[in-house]
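Contents: one structure, followed by commentary.
The values are calculated or read from the model by the stated rules, or taken from the named source; none is laboratory data. These figures come from a predicted structure and were not determined experimentally. Methodologically, a virtual Cβ is constructed for each residue, glycine included, from the backbone with ideal geometry; neighbour enumeration extends over all protein chains shown. In case anyone asks, the SASA skips ligands and DNA or RNA and just uses the protein heavy atoms, side chains included. Shrake-Rupley method; radii C 1.70, N 1.55, O 1.52, S 1.80 Å.
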Amino acid sequence: MKCGLKLTNFRCILILKQITTLVSTGSLLAAISLLSACSAGFQVSSALNAVNATSSIPATSGSPTPTPSATPTVTPTPTPTPSAPVTTSLSWSQVNSYAIQYNNVSLTALAASPYKMLILDRGDSNGNDWTKSALAPVAQSHVLAGYIDGTHAENWRAYWTSASAPYIIGSTSYSGEYYADLKNTAWLSIMTSYIDALAAQGFTAIFIDNCDAYNDSKFANFYGSQAAGEQATLQFLQTLRNYAFSKYNMRLIANNGLELITLTGYSQAVDAVMYEDIFNGQSASNITDVTSSLNHAVSMNLLVLDAEVTSSLTTAQSLVQTAAGDHYLPYVTTDENYGTLGFAGQASGVVAGEIP
């Protein structure tokens, strides 16, 4: 039966009640739709079903469905924005040569140098920290690794308070230098703050020096044994690497510490290991011992850096070839204090030691 003049009284009353209900509940558009549908001759059941779909009112009930309570709006807690990582146009995987310079630094010369990675102190020879804007031209084409003496507290650093600080173990053989307790929370806080400062300056990696302090009896005895000192050093490196990488995507280079290489977890604690004077002036047996450990690092896909010092260009070129043959990245300089860039008197690229 179609809705129109031929509707029975019962169905007309039913539709009128439905329309009245819609109007009383404010559903004017739904009421008009039902009236129009009936006038056009649509089937009553189809018309009522269409209204129910839009109004949520049962077709057989004259009582409106109670409006549910509004669900309270919960504002989600914003996720903290992580510290922005230091950016560079050069990725870690592109590092196939490096250089070290701590003194007499010319940022202009560094920016133009062919080395892919540069290991620098955080400031100039006068103790003034590099600014991020000053380092920016260098960082655009180089990975910059900032120097940190991780196992020693140095009295010329800004963090220094006194030799009685709770993290001081005892003095080293160098004036103003003291062994630090690598498990001490105050020392760890100093180290993470140091990393923060390097990242703010524009450094993109950290270079931890003197990772073999456990070879000194004063340091080893503090932890009970050399083996315990090695474990303390490894744990220390893991802590710094996790902090630097998770917060700034910075890589970690460990200088020395050959005994650590075979310890479980070493490949997760460092991204590269450096050793000084692997070949030059060393006995065959010593070279074998050192390269045995370093070759293990190579097998773990870690970058191995070889730093050599010589005044002979012929020797320098030979050292580069030998190191590259063992899959190490060689760097040769004439200054054992790293006060010059590359091999003095020669274009730095001559002995840059790039490995494609």
Go through region 105-117 and give me each residue that's open to solvent by 40 Å² or more (accessible area, probe 1.4 Å), in a loop (DSSP other than H, G, I, E, B) and not hydroxyl-bearing (Ser, Thr, Tyr).
Pro114, Lys116
Ser97 fails exactly one of the following numbered conditions: (1) in contact with a Pro (Cβ under 8 Å, 6 or more places away or on another chain); (2) surrounded by fewer than 19 Cβ atoms within 10 Å (Cβ to Cβ). What is the number of that condition?
(2)
When Leu252 is run through (1) over 24 Å from Ala99 (Cβ atoms); (2) open to solvent by less than 10 Å² (accessible area, probe 1.4 Å); (3) among the hydrophobic types (A, V, I, L, M, F, W, C), the failure sits at (1)
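What helices (runs of 4 or more DSSP H) lie completely within region 255-356 and have 2 or more residues being hydroxyl-bearing (Ser, Thr, Tyr), at pLDDT 95 or above and more than 18 Å from Leu118 (Cβ to Cβ)? Give the derivation first.
Numbers: elements: 266-269, 284-299, 313-325.
In region 255-356, the matching helices (runs of 4 or more DSSP H) lie at 266-269, 284-299.
Of all residues in region 238-274, which are in contact (Cβ under 8 Å) with a residue 12 or more places away in the chain, among the hydroxyl-bearing types (Ser, Thr, Tyr) and closer than 17 Å to Asn301 by Cα?
Applying the first criterion (in contact (Cβ under 8 Å) with a residue 12 or more places away in the chain) to region 238-274 yields 238-241, 243-244, 247-263, 265-274.
Now narrow it down to the ones that are among the hydroxyl-bearing types (Ser, Thr, Tyr): 239, 243, 248, 262, 266-267.
Thr262, Tyr266, Ser267 - these are the residues of region 238-274 that are in contact (Cβ under 8 Å) with a residue 12 or more places away in the chain, among the hydroxyl-bearing types (Ser, Thr, Tyr) and closer than 17 Å to Asn301 by Cα.
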Scope region 124-144; condition at pLDDT below 95 and either on the phi > 0 side of the Ramachandran plot or exposed (fewer than 14 other Cβ atoms within 10 Å of the Cβ) (or both); matching residues
Ser125, Asn126, Gly127, Asn128, Gln140
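Residues being β-branched (Val, Ile, Thr), farther than 18 Å from Phe207 by Cβ and within 18 Å of the chain's Cα centre (by Cα): count how many of those fall in region 87-127.
Number satisfying all stated conditions: 1.
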Over 24 Å from the mean Cα position of the chain (by Cα) and closer than 23 Å to Leu198 by Cβ: is that true of Glu276 in this structure?
yes
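Condition check ((1) under 17 Å from the mean Cα position of the chain (by Cα); (2) of a type outside the set (A, V, I, L, M)) across all residues:
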position: Asn215; (1), (2): no, yes
position: Glu230; (1), (2): no, yes
position: Leu237; (1), (2): yes, no
position: Leu240; (1), (2): yes, no
position: Ile253; (1), (2): yes, no
position: Leu260; (1), (2): no, no
position: Ala269; (1), (2): yes, no
Is there a residue being modelled with pLDDT of 90 or more, open to solvent by less than 90 Å² (accessible area, probe 1.4 Å), of a type in the set (A, V, I, L, M) and within 30 Å of Glu308 (Cβ to Cβ) anywhere in region 70-92?
no
